1. Among 13, 189, 149, determine the one that fluctuates most according to a GNM of the chain built with springs between C-alpha atoms less than 10 Å apart.
2. Run the helix sum for the chain: -39,500 (n - 2.57) per DSSP H stretch of 4+ residues, divided by residue count, reported at 222 nm to the nearest 500 deg cm²/dmol.
3. Out of 99, 63, 223, any idea which swings most in a Gaussian network model of the chain, alpha carbons joined below 10 Å?
4. Relative contact order for segment 11-69 using alpha-carbon pairs under 8 Å, separation at least 6, rounded to a whole percent?
5. Which entry in (i) 18.8, 64; (ii) 16.3, 49; (iii) 18.0, 63 is this structure's computed Rg and Dmax of the Cα atoms in Å?
6. When 10, 178 are ordered from fewest to most other Cβ atoms inside 10 Å of their Cβ, what list results?
7. For segment 67-185, restrict the atom set to alpha-carbon positions and state the Rg and Dmax in Å.
8. Based on the mean of other beta carbon atoms within 10 Å per residue, what is the order of 202-209, 15-22, most packed first?
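A short reminder: the numbers here are calculations on the coordinates, not readings from a lab. Being a predicted model, the structure only gives us computed values, none of them experimental. For neighbour counting, all protein chains shown are included, and Cβ atoms are generated from backbone atoms with ideal geometry for every residue, glycine included.
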Amino acid sequence: MDATEIRSRYAAGERNFRSVNLIGADLNQADLSYSDLSGANLSEANLQGANLTGADLIFTTLSDADLNGANLSEANLIGAKMGVANLSEANLIGANLISAELSGANLKSASLSRAYLSDASLIKVNLSDANLSGANLSITNLIGADLSGANLISADLNGANLIEANLSGANLSEAKLYRANLAHAKLNGALLCHADLRDANLASADLTDANLDQAKLEGTLISLTGDSQTSSVS
């Protein structure tokens, strides 16, 4: 199946496209909302601005695909392979990304509020300036991820691996970080007001000018670096 055929079949009312091979297909601005693309191969496909609202993308391969500005709100992406994909400015509000592979992906300025990312692999992903408010990132692998300037208000990061992650200027107010590993993380200028950091690992983290007002720090391991001793800890 090629891009022309899937567009035509979708327009005719078909929604079942399970396991189709669309490697490198040009689906720019395509409307595939609420379609079943589970197990499909869309690696290297052009899906810029595509409408995939509510689509079933379980175990779909989207590695190195271009999804810049695409709408994936409420899409089911459980176990999807999206390594090195471009999802900058994409809409992933309420999307299910549990156990998805997103390492090296670009999610700069993406909307991920209320998204489910538990147990996902986000190693060295770019989430700078992304909106992750209320998202579930529990036990997620975020080693070396760029979350600078991200909105993580009330996000669930319990047990997440954030070793060497960049959270400078991020808003983590009321975020859940129980037993999260933030060793060597950059938290300079971050807002952590009312955050739950109980039993978290902040060894060698940079907390310069971070605001930890009323944060829960029982059992938290902290060994500060740089000028971190100026952090507001309450």
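1. 13
2. Numbers: 1 runs with 9 residues, N = 234.
Calculated mean residue ellipticity at 222 nm is -1000 deg cm²/dmol.
3. Highest fluctuation of the listed residues: 223.
4. Values: 154 pairs, mean separation 20.1, N = 59.
Once normalised by length, the contact order is 34 percent.
5. Computed from these coordinates, Rg and Dmax of the Cα atoms in Å corresponds to label (i).
6. Numbers: 10 16, 178 19.
Starting with the residue having the fewest Cβ neighbours, the order is 10, 178.
7. 12.1, 34
8. On the way: 202-209: 22.0, 15-22: 15.9.
With the highest mean Cβ count within 10 Å placed first, the list reads 202-209, 15-22.
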